[in-house]
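Heads up, the thing below is written out as structure tokens.
The values are calculated or read from the model by the stated rules, or taken from the named source; none is laboratory data. The shown structure was predicted, so the numbers you read here are calculated from the model rather than taken from an experiment. Methodologically, a virtual Cβ is constructed for each residue, glycine included, from the backbone with ideal geometry; neighbour enumeration extends over all protein chains shown.
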Ligand code: GLV
Ligand code: MN
Ligand code: MN
């Protein structure tokens with residue numbers, strides 16, 4: 001089997017996909033099921049069909065593109081990632097795993113390889129939490145981690161429910177049917193940029209993921225009392241933004257003092273009402289994102305933050321309500337998938353690091369129903385979720401070739 005990645009074509013496809021964006025280049029904004037995202041999804045489907053794959057979509061918009069194996073009834077070997085992008089993002093997050101996965105399958109087809117188990121590219125819907133407040137909706141439903149009822153009722157910022165949004169996107173069908181049957185996948189591999197600096201620092205081009213950290217997120221609403229910025233004296237204030245400021249520093253402190261560098265916590269949204277220079281903030285809406293490789297330690301930090309909320313609320317006479325959006329368990333990658341990735345690296349003489357994914361991915365949920373692994377490539381300075389996110393062409397091609405070899409190993413030769 002002679003495998004060759006068409007690097008030029010892959011890079012040009014990454015550029016083409018980046019042009020489906022609601023932000024000025026180099027930034028990419030592609031919020032799920034917006035007109036721009038729908039155009040990007042149609043383009044990806046056309047690429048898959050052009051590659052000779054059979055495409056279907058499920059009710060939440062996960063796209064499956066399949067190359068039937070010699071034994072089409074046997075569990076498939078899957079690969080894929082996502083193409084939705086947060087506001088002001090880069091070109092590579094998720095995209096490398098989708099277009100790199102497609103190119104890996106095309107390379108296998110060109111090489112004359114015949115898979116025994118079908119090979120399937122999976123483009124997960126709604127990986128980013130931007131629109132519905134919770135990430136990985138496609139893979140949560142595929143794995144049965146989230147119920148169809150709860151998913152259908154989720155609302156976006158404009159108050160539109162997931163059911164309304166997906167029907168407008170042309171997705172009919174019942175969310176109940178998204179869950180995959182047991183044994184659907186024999187193995188699954190996601191190629192992704194690292195979104196951290198460790199590979200670059202170690203001057204190593206590939207990372208094989210050992211485990212994926214446990215994410216949690218909350219929505220916090222602080223309600224104080226508004227009023228005239230000149231008229232209300234300081235002792236009489238119940239400023240919601242001051243309470244938020246204190247809470248944000250408590251969040252930082254709780255993560256910093258957890259005792260482990262693996263604990264991270266972020267307040268990424270802070271909306272102030274009414275937002276006028278001469279008006280005391282009466283209301284603040286915030287989001288909180290907390291992650292750790294150790295679930296118990298993460299939960300301990302969440303409890304510390306909860307106590308801080310109670311103290312601040314009592315001290316400042318404001319109400320603080322927090323709503324838990326998700327608190328997921330971490331995942332271990334499957335030994336057989338890690339071994340396939342490591343063997344492929346060894347065969348090419350490629351060095352790799354074994355590492356933890358601190359970002360979450362659809363693989364976190366796929367791992368609940370299938371042996372799953374992840375392959376990382378470096379991104380410059382570890383930058384991700386920003387417009388200057390960058391992965392070098394040779395790293396992308398190296399990732400795609402190791403992915404292709406690993407898919408071939410997992411889909412035993414006929
Ligand atoms: C995924 O985008 C994450 O926030 O880890
Ligand atoms: Mn992302
Ligand atoms: Mn991603």
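Would you say residue 41 is away from ligand 1 (no atom under 16 Å from the Cβ), free of Cβ contacts under 8 Å to residues at least 24 places away in the same chain, closer than 20 Å to residue 172 by Cα and in contact with a strand residue (DSSP E or B) (Cβ under 8 Å, 6 or more places away or on another chain)? Give the steps one after another, and end with the answer.
Numbers: away from ligand 1 (no atom under 16 Å from the Cβ): yes; free of Cβ contacts under 8 Å to residues at least 24 places away in the same chain: no; closer than 20 Å to residue 172 by Cα: yes; in contact with a strand residue (DSSP E or B) (Cβ under 8 Å, 6 or more places away or on another chain): yes.
No.
Can you confirm whether residue 292 is within 16 Å of ligand 1 (Cβ to nearest atom) and within 25 Å of residue 254 (Cα to Cα)? In short, yes. Residue 156 meets all of the listed conditions (1) closer than 30 Å to residue 346 by Cα; (2) buried (at least 17 other Cβ atoms within 10 Å of the Cβ); (3) away from ligand 2 (no atom under 16 Å from the Cβ) but one, namely (1).
Here is a list: 115, 75. Which entry is away from ligand 3 (no atom under 16 Å from the Cβ), at pLDDT 95 or above and crowded, with 24+ Cβ neighbours inside 10 Å? Quick ask: steps written out before the conclusion?
Working: 75 fails: crowded, with 24+ Cβ neighbours inside 10 Å.
Answer to the check: 115.
Residue under question is residue 191, and the condition is that it be under 21 Å from the mean Cα position of the chain (by Cα), assigned to a helix (DSSP H, G or I) and at pLDDT 95 or above; does it hold? It is false that residue 191 is under 21 Å from the mean Cα position of the chain (by Cα), assigned to a helix (DSSP H, G or I) and at pLDDT 95 or above.
So that you can scan it fast, the table gives a plain yes or no per residue for (1) touching a residue at least 60 places away in the same chain (Cβ under 8 Å); (2) within 16 Å of ligand 3 (Cβ to nearest atom):
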residue	(1), (2)
315	no, no
351	yes, no
358	yes, yes
365	yes, yes
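Of the helices (runs of 4 or more DSSP H) entirely within the stretch 296-414, those holding at least 2 residues that are more than 25 Å from residue 216 (Cα to Cα) and modelled with pLDDT of 95 or more occupy 335-348, 393-410.
When every residue of the stretch 70-77 is checked against the conditions, none turns out to be assigned to a strand (DSSP E or B), farther than 24 Å from residue 9 by Cα and within 16 Å of ligand 1 (Cβ to nearest atom). Test residue 126 against the criterion of being at positive phi and not in a helix (DSSP H, G or I), and give yes or no. In short, yes.
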